[in-house]
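Comments concern the structure below.
Here, each number is a calculation from the coordinates, and none is a lab measurement. Just so it is clear, the model here is predicted, and its values are computed rather than measured. Here Cβ is always computed from backbone atoms with ideal geometry, including for glycine, and neighbour counts include all displayed protein chains.
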Amino acid sequence: ALKAGIVGLPNVGKSTLFNAITQAGAESANYPFCTIDPNVGVVEVPDERLQKLAEIVVPNRIVPTAFEFVDIAGLVKGASKGEGLGNKFLAHIREVDAIVHVVRCFQDENITHVSGKVNPIDDIETINLELILADLDSVEKRIDRSRKNMKSGDKKYAAEVECLEKIKEALLTDKPARSVELSDEEKLLIRDLHLLTIKPVLYAANVSEAEAGNADGNPYVQLVREYAAKEGAEVVPISAKVESEIAELEGEDREMFLEELGLKESGLDRLIRAAYKLLGLYTYFTAGVQEVRAWTIRQGTKAPQAAAVIHTDFERGFIRAEVVSYEDLVAAGSMNAAKEKGQLRLEGKDYVVQDGDVMHFRFNV
Ligand code: GDP
């Protein structure tokens, strides 16, 4: 499953947020393939389309798709030089697909700020610098190695050096690797370096409880927004404290609490959605009487690989898929009606699955 790593300086609210995530936690029996690890929180991805599909199919149960957050605590200034538990944390970041960078935007004199005062831009730059320095180290090592390998005459190494030099130049001016435009071939060449600053990032601006419903009134949030805009990154204002309270509530109590705060949905749901979007993820559905269920794929995934998300046997024995788009199915009102309208398509192994496709796989066992 795809994962987003939660990073940030100490005392910014990471654990509070992570606890809210695990509190809100998904029913793990539904997600046996998810990682079992105290530092991993599995959340369900909210999706209104599931309810609509359930009205049509009337299944025994509804299962949303899941998403994992990893708590990567302990990143401090000097991490790239091995300070604190530096290298270990950097290694954890290598394993995630996206980064959720928690930034402190709340004032509280009782809670020490590592650098003495609340300054979200400084905080962001401190963390980013550590990641940039770590990447610079990986890039320089690889450049040396590829230069030596160039003597073999294999053109691949020259291309690699050229690409790495571009990245190095960006890193030397404190810019992340993701700011460098790379072709698909170049991305492939450097993929195994697992650069930290090439991963997509979103900033979670942690505001105080009082500001939960009107986070944009917080001047620090505005600063983070300006900073993120320059990077083309997303900002999700959130109150980690409030989220931990929301996570304890269910049903009507939850609705009422959100309403009191002036929120349409929890910050956590917004965060999940933003992370999902950041990763370029699509959802497809299966809809049977047993269950209506959502599944996550990357954009561009073909039918057999999409089937593999359910079970690897589905990919191996893939014959074809019956597909109807969510919109068509809802408009038709039933699977049969969609079929009569010719909206139920038969697709082969090259079909690229679209967001909202309702799929039924045919396969050999
Ligand atoms: P971490 O070191 O980044 O994991 O930070 P924690 O989640 O442990 O939070 C550090 C301290 O800040 C804890 O005492 C939290 O209760 C407190 N804290 C977190 N979020 C908020 C907030 O929105 N408002 C206030 N007043 N305190 C918060």
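Structure values in brief
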{"quantity": "Whole-Hz couplings from phi, Karplus 6.51/-1.76/1.60, listed for segment 303-309; x for Gly and Pro", "calculated": "3, x, 6, 5, 5, 5, 5"}
{"quantity": "Descending semi-axes in Å of segment 300-363, equivalent ellipsoid built from Cα gyration tensor", "calculated": "22, 11, 9"}
{"quantity": "In segment 137-186, the trypsin sites (Lys or Arg not before Pro) that fall in loop regions by DSSP, at most 10 other Cβ within 10 Å", "calculated": "Lys151"}
{"quantity": "Compactness of the chain - radius of gyration and Dmax, Cα, Å", "calculated": "22.8, 69"}
{"quantity": "For q = 0.15 Å⁻¹, Debye-computed log10 I/I(0) when each Cα of segment 230-276 counts as one equal scatterer", "calculated": "-0.41"}
{"quantity": "Environment charge of Val70, counting only residues whose C-beta is closer than 9 Å and scoring Lys/Arg +1, Asp/Glu -1", "calculated": "-3"}
{"quantity": "Reachable lysines from Lys151, criterion Cα separation under 30 angstrom, eight or more residues apart if same chain", "calculated": "Lys141, Lys166, Lys168, Lys187"}
{"quantity": "For the chain, calculated [θ]222 nm from helices alone, where every DSSP H run of n ≥ 4 adds -39500 (n - 2.57)", "calculated": "-12500 deg cm²/dmol"}
{"quantity": "Segment 1-135: C-alpha gyration tensor shape, a/c 1.5 cut-off, then a/b vs b/c", "calculated": "prolate"}
{"quantity": "Förster radius 51 Å - calculated FRET efficiency between Glu255 and Asn149 (Cβ-Cβ, nearest 0.05)", "calculated": "0.25"}
{"quantity": "Interchain or long-range residues, amide H under 5 Å from Arg362's placed H", "calculated": "Ile319, Arg320, Ala321, Glu322"}
{"quantity": "Summed side-chain charge close to Arg178 - residues other than Arg178 whose Cβ falls under 12 Å, Lys, Arg +1, Asp, Glu -1", "calculated": "0"}
{"quantity": "Partners for Lys230 among aspartates and glutamates (Cα-Cα distance below 16 Å; same-chain residues under 8 apart left out)", "calculated": "Asp122, Glu125, Asp174, Glu181"}
{"quantity": "5 angstrom amide H check on Thr197, placed H, neighbours 5+ away", "calculated": "Ala177"}
{"quantity": "Per principal axis, descending, Cα span of segment 130-193 in whole Å", "calculated": "34, 22, 18"}
{"quantity": "Positive minus negative residues near Lys3 (Lys, Arg vs Asp, Glu; Cβ under 9 Å)", "calculated": "-3"}
{"quantity": "Segment 329-335 - phi-based ³J(HN,Hα) in whole Hz, Karplus 6.51/-1.76/1.60, Gly and Pro as x", "calculated": "5, 5, 5, 6, x, 7, 4"}
{"quantity": "Nearest-0.05 FRET efficiency for Ile121 and Arg191, computed from C-beta distance (R0 22 Å)", "calculated": "0.10"}
{"quantity": "For segment 172-229, convex hull of alpha carbons as volume per residue, Å³", "calculated": "120"}
